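Trainee: There's a structure below that I have some questions on.
The values are calculated or read from the model by the stated rules, or taken from the named source; none is laboratory data. Just so it is clear, the structure is predicted and the values come from calculations on it, not from any experiment. Positions of Cβ are backbone-derived with ideal geometry, glycine not excepted, and every protein chain shown enters the neighbour counts.
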Amino acid sequence: ENLIEINSFNMVMAIFSAFQNAAVHRLNHSFGSVHKRTTESMERIENLLSSRNSYKTYRDMLNSVRPPCIPFLGVYLSDLTFIDEGNPKIVKGLVNFRKKQLEYGVIVQVLRFQSQAYQFKLLPKFSQLFKSLPQMTDQQLYEASLSIEPRKAKKKDIK
């Protein structure tokens, strides 16, 4: 929720997506031990980032956000793909000007958030911590997940 407060929606989606990864999502018993406030926060974020109605809740929130902001670019890429695939390039032998207007409208939305920069201080120790974290493949993550919570394990069997 702190990331939402600073309008870092791309990072919110990255973290939310990590929780949707099969290696994490399968940890049902482990999530049962998570504090209620945390699960409620995750539910609010899930509702915000829901793809229902073409990300309507997220888009509505984004319309009221003032820069600086890092939007989730996946929504805009989907919009551009939809516009590109749903409209011909040429109409009556001419460039489809309406298609270009639609594409421009999407790009302007993204550019709006680049008008103001964040004013964060670099925290070298924090930066170094993230750089030192091990990178794991999906297979390694899944193996770690199984060691935490084996298949068909009972809650009492989990440490």
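Trainee: Which residues, counting only those in region 81-123, are under 25 Å from Arg66 (Cα atoms) and in contact with a helix residue (DSSP H, G or I) (Cβ under 6 Å, 6 or more places away or on another chain)?
Mentor: Listed by number, the residues that qualify are Leu102, Glu103, Val106, Val110.
Trainee: Of the conditions (1) over 17 Å from the mean Cα position of the chain (by Cα); (2) modelled with pLDDT under 95, Ser51 satisfies every one except a single condition; which number is it?
Mentor: Ser51 satisfies all of (1) over 17 Å from the mean Cα position of the chain (by Cα); (2) modelled with pLDDT under 95 except (1).
Trainee: Could I ask something else about it? Evaluate region 36-45: report whether one residue or more is in contact (Cβ under 8 Å) with a residue 60 or more places away in the chain, under 27 Å from Ser147 (Cβ atoms) and of a type in the set (S, T, N, Q). Step through it out loud before you land on a result.
Mentor: Initially, region 36-45 is screened for residues in contact (Cβ under 8 Å) with a residue 60 or more places away in the chain, giving none.
Within region 36-45, not a single residue is in contact (Cβ under 8 Å) with a residue 60 or more places away in the chain, under 27 Å from Ser147 (Cβ atoms) and of a type in the set (S, T, N, Q).
Trainee: Let me ask something else about it. Collect the residues in region 81-139 that are assigned to a loop (DSSP other than H, G, I, E, B), among the hydroxyl-bearing types (Ser, Thr, Tyr) and surrounded by fewer than 10 Cβ atoms within 10 Å (Cβ to Cβ), keeping them in residue-number order.
Mentor: If the condition is that a residue be assigned to a loop (DSSP other than H, G, I, E, B), among the hydroxyl-bearing types (Ser, Thr, Tyr) and surrounded by fewer than 10 Cβ atoms within 10 Å (Cβ to Cβ), then Thr137 is the only one that fits.
Trainee: Could you pull out the residue among Asn2, Asn7 that is surrounded by 13 or more Cβ atoms within 10 Å (Cβ to Cβ), in contact with a strand residue (DSSP E or B) (Cβ under 9 Å, 6 or more places away or on another chain) and under 30 Å from Gln119 (Cβ atoms)?
Mentor: Details: Asn2 fails: surrounded by 13 or more Cβ atoms within 10 Å (Cβ to Cβ).
Every option except Asn7 fails the conditions.
Listed here are the residues, each with its yes/no results for (1) under 25 Å from Asn7 (Cα atoms); (2) in contact with a Ser or Thr (Cβ under 8 Å, 6 or more places away or on another chain).
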| residue | (1), (2) |
| --- | --- |
| Arg59 | yes, no |
| Pro67 | yes, yes |
| Ile70 | yes, yes |
| Asn96 | no, no |
| Val110 | yes, no |
| Leu123 | yes, no |
| Ser127 | yes, no |
| Pro134 | no, no |
